[in-house]
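Working notes, beginning with the structure itself.
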């Protein structure tokens, strides 16, 4: 059908009426999007490049003649947005969680045992997908039209890169098919082929520009160009791997979701496989350990997901990662080099980390000059000495580490390493708490810790003070102008203009940036405080539960532990942080200096105010996401698992083990009809 339409002779555009032009424009768009799908998603074109170009040229000419019919989802609008000044923040409808990692088959088996134990006697199928090494994105469609695209960011919110994503031709601007959901988030991985990456670097080298380290960095850098025309000049591609928030659509399995996405015009990875047992999963993993070198794009592992969506809901998630999925990382590429020195670095939490300074060596496409040795016990266990020849790898393809020492290369001139007795940054005697492997500096005023905490406080995901970077912070510390984050809000212009490379205008820009950060959210402030184990997502959970920073500061361990998604370790860390007088004093100073953390918007009253609800099984009147939103709209919270703090369990058709657990704990269960009645009008 598409060929017949594309072969049709275009009407005489000189005499086209508006109605005829609108019909022809609509027809051309459908035909061009069809051919885009055949070419970019299926790699199976139906027409020649010349024929395709004629269709696009005709559409562009018609839109120039009738500009009132130009729409954002037209194929001609993939390039052409003006350069952006900056990227706006976008909150994802559903968090884009990280994945837990398995680095060998034993760890993969252990994960599968945990899944089977949680689901008890249920039969479990898995979907295995290649883990594409690129940049994760979230695409939002409303009534089938692409309206917004964002980077993953911190998982809770990312950056709006919609104009850049429109340039990627494997991303459909309109979905095909009928009965499309009113809202759909599609998750995918933007990537570059190895050949495209090499071509880009060859061009950059010819122009004396810095080279990209690897295809992942090149894809991410291309996606975050302020000028979409730069993005369009690079052959980015996309594989989709799942959905996020959705309204008006229910998919019972992950396999069905991928099939549905493919039918709607998305490009899914052809090597995805349904496995009915762990043995089949392991066969898939072993197969791709051997075959991955033959792929045209880079992949660093296999993602294994429980297929059944109902079982995924039963397993739930931690604050960081879903329990129903795991990433098996391929064995890392290794290289041999020499340890020039071992230095100790102090982090913002006071942890002392020995780091091997290496002769530069290429590993997995990146030049490595240093590698972590983790702690003193690890140095001793591996017997790493200064001057040793060692094998290094990028753990999980990211963090360089020393794997082992090639003792046969020793000459006798190597020197043993010992952890210093005092902090290399401040000279304070270091301690190693009983039962811990990490040596720490406990001096809260240690310059290394202070600098690290200040950098974190000002970072984009925290208070977002974009004009205050590490170099400026180092100057402020060296001049004793600041000692803690609160001092930033006391700075005056005359103090700043004396600093290196600081004129009156730039000094005012710094002060304006600091002043703007006073209007923030409670979650950002909590994250900015640098509490151990509290990332951006945990900060969101705490902010949503307590609403005010004063309430969080006053909460005891039990209150914090009872927050949905917060475990014992996090609760202990948060409670301990606010029990320390200097930390509580810092928060009070920030508030006194005008920092106003806004509480997350939530319903204060309603039939479910203060109640935690767990939903299990399939509901006939609502999708799972719709039912969960109804709970939140009426003041309640949604739990992922049943516990003694659960108030209600809503049981639909085919409920899982949560219903049995509710009965054992004597938690009240509701039918769908009772749930609707409880919701009220």
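On the given criteria, is residue 413 modelled with pLDDT of 90 or more and over 30 Å from the mean Cα position of the chain (by Cα)? So residue 413 fits the description; yes. Of the residues making up region 417-432, those that are in contact with a strand residue (DSSP E or B) (Cβ under 7 Å, 6 or more places away or on another chain) and part of a loop (DSSP other than H, G, I, E, B) number 10.
Confirm whether residue 589 is surrounded by fewer than 19 Cβ atoms within 10 Å (Cβ to Cβ), modelled with pLDDT under 90 and in a helix (DSSP H, G or I). Let's see the steps before the verdict.
Values: surrounded by fewer than 19 Cβ atoms within 10 Å (Cβ to Cβ): yes; modelled with pLDDT under 90: no; in a helix (DSSP H, G or I): yes.
In short, no.
For region 148-179, filtered to residues that are assigned to a strand (DSSP E or B) and either under 13 Å from residue 96 (Cα atoms) or touching a residue at least 60 places away in the same chain (Cβ under 8 Å) (or both), the residue that is farthest from the chain's Cα centre (by Cα) is 174. Looking at 631, 642, which one is assigned to a loop (DSSP other than H, G, I, E, B) and on the phi < 0 side of the Ramachandran plot? Answer to the selection: 642. Filtering region 452-496 to residues that are at negative phi and within 22 Å of the chain's Cα centre (by Cα) leaves 455, 456, 457, 458, 459, 460, 461, 462, 463, 465, 466. Scan region 40-59 and give yes if some residue there is farther than 27 Å from residue 261 by Cβ, at pLDDT 80 or above and buried (at least 16 other Cβ atoms within 10 Å of the Cβ), otherwise no. Yes, because at least one residue in region 40-59 is farther than 27 Å from residue 261 by Cβ, at pLDDT 80 or above and buried (at least 16 other Cβ atoms within 10 Å of the Cβ).
Considering region 592-617, and only residues there that are surrounded by fewer than 19 Cβ atoms within 10 Å (Cβ to Cβ) and more than 25 Å from residue 516 (Cα to Cα), the residue that is nearest to the chain's Cα centre (by Cα) turns out to be 603. Quick check, is residue 121 out of contact with any strand residue (DSSP E or B) (no Cβ under 9 Å at 6 or more places or on another chain), more than 28 Å from residue 180 (Cα to Cα), assigned by TED's automatic domain parsing to the domain that holds residue 241 and without any contact (Cβ under 8 Å) to a residue 12 or more places away in the chain? So residue 121 fits the description; yes.
Going by the structure shown, is residue 649 part of a strand (DSSP E or B) and in contact with a strand residue (DSSP E or B) (Cβ under 8 Å, 6 or more places away or on another chain)? Considered against the rule, which asks whether it is part of a strand (DSSP E or B) and in contact with a strand residue (DSSP E or B) (Cβ under 8 Å, 6 or more places away or on another chain), residue 649 comes out as yes.
Evaluated against (1) under 24 Å from residue 303 (Cα atoms); (2) assigned to a loop (DSSP other than H, G, I, E, B), residue 184 falls short on exactly one condition, (2). Within region 204-218, track down each residue that is in a loop (DSSP other than H, G, I, E, B) and farther than 24 Å from residue 300 by Cα. Result: 207, 208, 209, 210. Taking region 233-265 as the range and being out of contact with any helix residue (DSSP H, G or I) (no Cβ under 9 Å at 6 or more places or on another chain) and either in a strand (DSSP E or B) or modelled with pLDDT under 90 (or both) as the test, the residues that pass are 239, 244. Just name the residue that is nearest to residue 452 (Cα to Cα) out of those in region 344-368 that are at pLDDT 90 or above and surrounded by fewer than 15 Cβ atoms within 10 Å (Cβ to Cβ). Restricting to residues being at pLDDT 90 or above and surrounded by fewer than 15 Cβ atoms within 10 Å (Cβ to Cβ), the top hit is 357.
Which is part of a helix (DSSP H, G or I) and either at pLDDT below 85 or assigned by TED's automatic domain parsing to the domain that holds residue 461 (or both), of 77, 85, 116?
Details: 85 fails: part of a helix (DSSP H, G or I); 116 fails: either at pLDDT below 85 or assigned by TED's automatic domain parsing to the domain that holds residue 461 (or both).
That would be 77, the only listed residue that is part of a helix (DSSP H, G or I) and either at pLDDT below 85 or assigned by TED's automatic domain parsing to the domain that holds residue 461 (or both).
Restricting to region 356-380, count the residues that are in a strand (DSSP E or B) and either under 13 Å from residue 403 (Cα atoms) or touching a residue at least 24 places away in the same chain (Cβ under 8 Å) (or both). Steps first, answer last, please.
Going residue by residue through region 356-380, those that are in a strand (DSSP E or B) are 356-363, 366-372.
Checking which are either under 13 Å from residue 403 (Cα atoms) or touching a residue at least 24 places away in the same chain (Cβ under 8 Å) (or both) leaves us with 356, 358, 361-363, 366-368, 370-372.
Count: 11.
Go through the residues of region 169-190 one by one and say whether even a single one is in contact with a helix residue (DSSP H, G or I) (Cβ under 6 Å, 6 or more places away or on another chain), buried (at least 20 other Cβ atoms within 10 Å of the Cβ) and either under 30 Å from residue 315 (Cα atoms) or not assigned by TED's automatic domain parsing to the domain that holds residue 259 (or both). Yes, region 169-190 contains at least one residue that is in contact with a helix residue (DSSP H, G or I) (Cβ under 6 Å, 6 or more places away or on another chain), buried (at least 20 other Cβ atoms within 10 Å of the Cβ) and either under 30 Å from residue 315 (Cα atoms) or not assigned by TED's automatic domain parsing to the domain that holds residue 259 (or both). Within region 315-329, restricting attention to residues that are under 21 Å from residue 563 (Cα atoms) and at pLDDT 90 or above, the residue that is farthest from the chain's Cα centre (by Cα) is 315.
From the list 194, 115, which residue is in contact with a helix residue (DSSP H, G or I) (Cβ under 9 Å, 6 or more places away or on another chain) and crowded, with 17+ Cβ neighbours inside 10 Å?
On the way: 194 fails: crowded, with 17+ Cβ neighbours inside 10 Å.
After applying the criteria, what remains is 115.
Against the condition in contact with a helix residue (DSSP H, G or I) (Cβ under 6 Å, 6 or more places away or on another chain), assigned to a helix (DSSP H, G or I) and assigned by TED's automatic domain parsing to the domain that holds residue 247, how does residue 201 come out, does it pass? In short, no.
Quick one: is residue 279 farther than 29 Å from residue 618 by Cβ and free of Cβ contacts under 8 Å to residues at least 60 places away in the same chain? Judged against the criteria, residue 279 is a match.
Looking at region 442-490, what helices (runs of 4 or more DSSP H) fall wholly within it and have at least 1 residues that are more than 27 Å from residue 503 (Cβ to Cβ)?
On the way: elements: 447-458, 470-478, 485-488.
Qualifying helices (runs of 4 or more DSSP H): 447-458.
Of everything listed in (1) under 22 Å from residue 611 (Cα atoms); (2) touching a residue at least 60 places away in the same chain (Cβ under 8 Å); (3) in a helix (DSSP H, G or I), the single unmet condition for residue 552 is (2). Only one of the listed residues (227, 279) is modelled with pLDDT of 95 or more, farther than 28 Å from residue 367 by Cα and assigned by TED's automatic domain parsing to the domain that holds residue 141. That residue is 279.
The number of residues in region 219-232 that are without any contact (Cβ under 8 Å) to a residue 60 or more places away in the chain and either surrounded by 20 or more Cβ atoms within 10 Å (Cβ to Cβ) or not in a helix (DSSP H, G or I) (or both) comes to 1. Could you check region 250-267 and list, in sequence order, the residues that are touching a residue at least 12 places away in the same chain (Cβ under 8 Å) and closer than 26 Å to residue 123 by Cα? The answer is 250, 251, 252, 253, 254, 255, 257, 258, 261.
The values are calculated or read from the model by the stated rules, or taken from the named source; none is laboratory data. No experiment lies behind these values; they were computed from the predicted model shown. All Cβ positions, even for glycine, are placed from backbone atoms using ideal geometry, and neighbour counts span all protein chains on display.
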